[in-house]
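Step one of this worksheet: look at the structure below.
The values are calculated or read from the model by the stated rules, or taken from the named source; none is laboratory data. This one's a predicted model, so the numbers in the text were calculated from it and none came from an experiment. Cβ coordinates were reconstructed from backbone atoms using ideal geometry, including for glycine residues, and neighbour counts include every protein chain displayed. In case anyone asks, the SASA skips ligands and DNA or RNA and just uses the protein heavy atoms, side chains included. Shrake-Rupley method; radii C 1.70, N 1.55, O 1.52, S 1.80 Å.
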Amino acid sequence: MIAFTIKRLLQTVPTLLLVAVMVFTMIRLVPGDPAVVLVGDINDPVILEEVRAQMGLDESMVEQFRLWFVKVIDGDLGVSLMNGEEVLPALLQRFAVTAQVVLLSMMFAVAIALPTGLLAASRHGSATDTGIVFLLVLSLSIPSFWAGILLMLVFGVKLGWLPTIGYVSVVENVAAGIQYLILPVIALLLGEMATVTRMMRSTMLEVLGFDYITHARAKGLKESTVLWRHAFPNAFAPTLTVLGLILASLLGGAAVIETVFTLPGLGRFLVDGIYARDYPVVQGALLLVAFIYVIANLVVDLLYPIFDPRVRL
Amino acid sequence: MSNQDKPLLDVRDLTVAFGAGESESQPVRSVSLSLGRSEVLGVVGESGSGKTMISKSIMRLLPSGGRIASGSVWLDGTDLTTLDAESIRRVRGARIGMIFQEPMMSLNPAMRIGEQMVEAFVADRRLTPAQRQTAMLEMLERVRMPDPDACLRAYPHEFSGGMRQRIMLATALLMRPELLIADEPTTALDVLIQKDVLDLMIELVRDLGTSVMLISHDLGLVARYADRVCVMCDGKVVETGDVATILSSPSEQYTKELLQSLPARDRGRQSTDEIDTNKPVMKVIDLHVEFGRRRLLPWLKSRIVRAVDGVDFSLRRGETLAVVGESGSGKTTLGRALLRLVETTAGSVEFDGDEISSRSARQLRNLRSRMQIVYQDPFSSLDPRMRVEQIVAEGLRLSSLTGADRANRVRETLHDVGLSPEMARRYPHELSGGQRQRVSIARAIAMRPDVIVTDEAVSALDVTVQARVLTLLQTLQERYGFSYLFITHDIGVVDQVADRVLVMYRGRVVESGNKAEVLDTPRHPYTCRLLEAVPRLEKTTDGGFRHSNMRFDPPPPPDGYLHDENFLDINANAGVLVHVTETHQVAYTEAGERAASLG
């Protein structure tokens, strides 16, 4: 297992390297020049050239990459072209906000989805099952930004129970922080919950058809024991893979939800960076996202043998 | 005790129904059967006969949608059909144990053996954990699991099919149930292991006084182990009675048919004289097929499996050469290697005088139409999106036939395999298993090949269907002169169709010869064990059948050789093939070598 972890971590090196090269070249292929954005309305080629030189944009692409890359290896992602902010601390700060929202919503989504999927599968074809499937389709069809806006309207504007937009760090003010998190978490949760429930329901249906389930029943076990002890772990293993993918993609930036609720998260940071052609920010953010993907999948792979002992690392 | 006279299990007038109204189906109709104490009752029937549904309704574990429409199931004076969910749960496991067919699927892959076994005590709270542990170890000991302690801590995937089935048996018998339902307990296992497991099961239940309901499609197997037999067809009991009586003088037409369908020698061909021995259509010399990776880096282990390990044989025109072996013997790989469906590692395959093992894929294409294969599973070997006529005609695209000729050939071929012309427009899912296998055969013979490899082509079929398909294959051979390489694990089938037999074990040939030589006077210890393990029915003079327990004592080996007794040992040197007659070859150990290895 340790050997596996080390091997997988070593495998991430070429992945991240490739991402670095691609991100670096792609962002430069996008039309637009950060210097122009920064200089703005001042229509003076001399100033523009000066700014470009300051930013290091007058060097060749290869040279630019070399300079950037040497620093990245040192753990220095450079400074934002827009406001001179250190990119790495800024990214981590933004990531913390995204992680709070995403992890919370994921936790609740899983807590609701697993029993719901189990229930639907164990009563396959009944009214309960049909009802659950209907709700699943419904919540899958609602885009999260629309759910977010609706939630804001109802709970923020009409009822006035919760703040609509903005963000307060939980570290600074626990009560207010939580209040600001509730709506985005719920908006994000709906889709995740539906995906996980659907996955759980279908794998559970498959597992319930296997002989070892009938065997468990033939031993005289209670139905709840059969479901939770025998069926659940076997059905959960494939679901875990899906969980890892959703988690990774959301952690990489829940840009839409962050925009709706004006949360200072990673996704929004990235989007702003792209608009401003803020090369160091975009490059750093995408590297971080790739890293998150790799780590999330590694964690899933490491957890897998707990649920399926046939898988050996 | 009058209680002892009454049957333990009494199924009365049981009807099982699925669906309702128009779409209602009844897989079990008015079935009555009874099972005495310490009795072994065999329930025999083909697929769809409802035999499994009976066992599931006794346990009240019918799949969703199924229900007991009428009738009753009495277990020692209690009607199980009227019990509430809680009470039936107390019967399961504690009073009725169950073993399933697929040992690979009937143990939970995510739980340790110990965790699964201990659940059997759910109904019995009296025992302390330590006592439970002792009971489990004792039971594992009794089913002869090596190292029961380690077994409890292991996961199911760490065991072979036979070992898992022993674990299942131990689990089911842990609570000393009065009744054990064994539903095709060994169908998925190799013959030798099947015999081990069933011998063990019968020994144990005799010891514990457990009654057994042994459900199987295999009449020979039931005859060997059961006291009484109940023959089922189409959801109904056709005939019940004493095993010997049913075999020797069946009273119902269906039972007679079933018995007649069993593969038997006297319906097969006896002579091989007419076959031209001079011109083999296919000649295989020292063929090796290896799978797996050689080590890439010096410190890694190489994982090479020698699936076929130095096989020589020739296949003559118009003959049927049966390749017999257990799973893992390399027989399937051998068949595929002949057609170059897997790459050979070494050795040569000559087809009609041409060396083909080194041909390029392009050069092979023309030869391919002269060598065809029929697979085991008629469900996955036909493209579900193609109509029967398209499936049969596909290979003809390579030929020089015109469109009209092709259509004629398809019609003719379908007629040859006994399918009516309207079948041509059907899709595979609209056909039965037997019909699909006929389509597979039609696909193979449409191009009039020289050689047809049949890889367990009749193994998935019911006995009566199997008998018809075997007859068809023989008729086609007589008409078109195909050579068959007939790969099978079923000795009965070999007996019926083969001219010559090749016995394989772990990638090597251990014995080969004419059918009579190999099957009647086997000389290799493996062949002997294999033949002894197969439950066989033989015809009696008055037209009935009886179960025969065969014993084979191989004649002494030729001078300078010893019996290849340590063939089971993977590390032992392979025996050398010695001609004991002109046609009969047997693997022996060289005497000098044994002495050398011992010294």
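From the list A:LEU92, A:LEU114, A:LEU88, exactly one residue is at pLDDT below 90, over 17 Å from the mean Cα position of the chain (by Cα) and in a helix (DSSP H, G or I). Which is it?
A:LEU88
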Qualifying positions in the stretch B:70-122 - touching a Ser or Thr at 6+ places or on another chain (Cβ under 6 Å) and either within 7 Å of chain A (Cβ to nearest Cβ) or basic (Lys, Arg) (or both): B:PHE100, B:ALA120
Matching entry among A:LEU189, A:LEU263, A:LEU250 (being among the hydrophobic types (A, V, I, L, M, F, W, C) and at pLDDT 85 or above): A:LEU189
Test: residue in the stretch A:194-211 that is free of Cβ contacts under 8 Å to residues at least 24 places away in the same chain, small (Gly, Ala, Ser), farther than 20 Å from A:MET106 by Cα and more than 12 Å from chain B (Cβ to nearest Cβ): no
Residue check for A:ALA109: in contact (Cβ under 8 Å) with a residue 12 or more places away in the chain, in contact with a Lys or Arg (Cβ under 9 Å, 6 or more places away or on another chain) and part of a helix (DSSP H, G or I): no
B:LEU315 being assigned by TED's automatic domain parsing to the domain that holds B:ILE452, at pLDDT 90 or above, out of contact with any helix residue (DSSP H, G or I) (no Cβ under 6 Å at 6 or more places or on another chain) and open to solvent by less than 80 Å² (accessible area, probe 1.4 Å): yes
Residues located in the stretch B:456-469, provided they are farther than 15 Å from B:VAL439 by Cα and not in a helix (DSSP H, G or I): B:GLU456, B:SER459, B:ASP462
Residue in the stretch B:502-509 that is surrounded by fewer than 21 Cβ atoms within 10 Å (Cβ to Cβ) and free of Cβ contacts under 8 Å to residues at least 60 places away in the same chain present: no
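Residues are listed down the side, and each one gets a yes or a no for (1) in the same structural domain as B:THR210 (by TED's automatic domain parsing); (2) farther than 19 Å from A:TRP228 by Cα; (3) open to solvent by 60 Å² or more (accessible area, probe 1.4 Å):
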residue: B:ASP84; (1), (2), (3): yes, yes, yes
residue: B:SER87; (1), (2), (3): yes, yes, no
residue: B:ARG90; (1), (2), (3): yes, yes, yes
residue: B:GLY97; (1), (2), (3): yes, yes, no
residue: B:VAL118; (1), (2), (3): no, no, no
residue: B:ARG126; (1), (2), (3): no, yes, yes
residue: B:PRO129; (1), (2), (3): no, yes, yes
residue: B:ARG132; (1), (2), (3): no, yes, no
residue: B:GLU138; (1), (2), (3): no, yes, yes
Residues of the stretch A:151-168 satisfying the condition of being under 15 Å from A:VAL185 (Cβ atoms), open to solvent by 40 Å² or more (accessible area, probe 1.4 Å) and either part of a helix (DSSP H, G or I) or not hydrophobic (A, V, I, L, M, F, W, C) (or both): A:PHE155, A:THR164, A:TYR167
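Considering the stretch A:268-310 alone, what residues qualify as being within 14 Å of chain B (Cβ to nearest Cβ), assigned to a helix (DSSP H, G or I) and in contact with a Lys or Arg (Cβ under 9 Å, 6 or more places away or on another chain)?
Residue satisfying the conditions is A:PRO305 alone.
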3 or more residues closer than 27 Å to A:VAL72 by Cβ, under 28 Å from the mean Cα position of the chain (by Cα) and in contact (Cβ under 8 Å) with a residue 60 or more places away in the chain: qualifying helices (runs of 4 or more DSSP H) within the stretch A:1-55: A:2-29
Residues of the stretch B:175-212 classified as touching a strand residue (DSSP E or B) at 6+ places or on another chain (Cβ under 8 Å), aliphatic (A, V, I, L, M) and not in a helix (DSSP H, G or I), total: 6
Residue check for B:ALA404: open to solvent by 20 Å² or more (accessible area, probe 1.4 Å), in a helix (DSSP H, G or I) and touching a Lys or Arg at 6+ places or on another chain (Cβ under 6 Å): no
Test: residue in the stretch B:330-353 that is open to solvent by 50 Å² or more (accessible area, probe 1.4 Å) and in a helix (DSSP H, G or I): yes
Selection count, the stretch B:62-71, where residues are among the hydrophobic types (A, V, I, L, M, F, W, C) and either under 30 Å from the mean Cα position of the chain (by Cα) or outside the structural domain of B:SER30 (by TED's automatic domain parsing) (or both): 1
Cross-chain or 6+ apart pairs with Cβ under 6 Å, the stretch A:121-147 first and assigned to a helix (DSSP H, G or I), then among the charged types (D, E, K, R): A:ALA121/A:ARG201; A:ASP129/A:ARG123; A:LEU136/A:ARG198
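Rundown of residues vs (1) outside any loop (DSSP other than H, G, I, E, B); (2) within 30 Å of B:ASP199 (Cβ to Cβ); (3) open to solvent by 40 Å² or more (accessible area, probe 1.4 Å); (4) assigned by TED's automatic domain parsing to the domain that holds B:SER459, yes/no style:
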{"site": "B:ASP10", "(1), (2), (3), (4)": "yes, yes, no, no"}
{"site": "B:VAL16", "(1), (2), (3), (4)": "yes, no, no, no"}
{"site": "B:GLU22", "(1), (2), (3), (4)": "yes, no, yes, no"}
{"site": "B:VAL31", "(1), (2), (3), (4)": "yes, yes, no, no"}
{"site": "B:GLU46", "(1), (2), (3), (4)": "no, yes, no, no"}
{"site": "B:SER49", "(1), (2), (3), (4)": "no, yes, no, no"}
{"site": "B:ARG60", "(1), (2), (3), (4)": "no, no, yes, no"}
{"site": "B:VAL73", "(1), (2), (3), (4)": "yes, yes, no, no"}
{"site": "B:ALA94", "(1), (2), (3), (4)": "no, yes, no, no"}
Subset of the stretch B:466-479 (residues that are farther than 16 Å from B:VAL494 by Cα and touching a helix residue (DSSP H, G or I) at 6+ places or on another chain (Cβ under 7 Å)): B:LEU476
A:ARG217 being of a type in the set (D, E, K, R), part of a helix (DSSP H, G or I) and within 20 Å of B:GLN101 (Cβ to Cβ): yes
Residue in the stretch A:212-219 that is open to solvent by 60 Å² or more (accessible area, probe 1.4 Å) and of a type in the set (Phe, Trp, Tyr) present: no
Subset of the stretch B:108-160 [more than 17 Å from A:GLY220 (Cβ to Cβ), among the aliphatic types (A, V, I, L, M) and part of a loop (DSSP other than H, G, I, E, B)]: B:ALA110, B:VAL143, B:MET145, B:ALA154
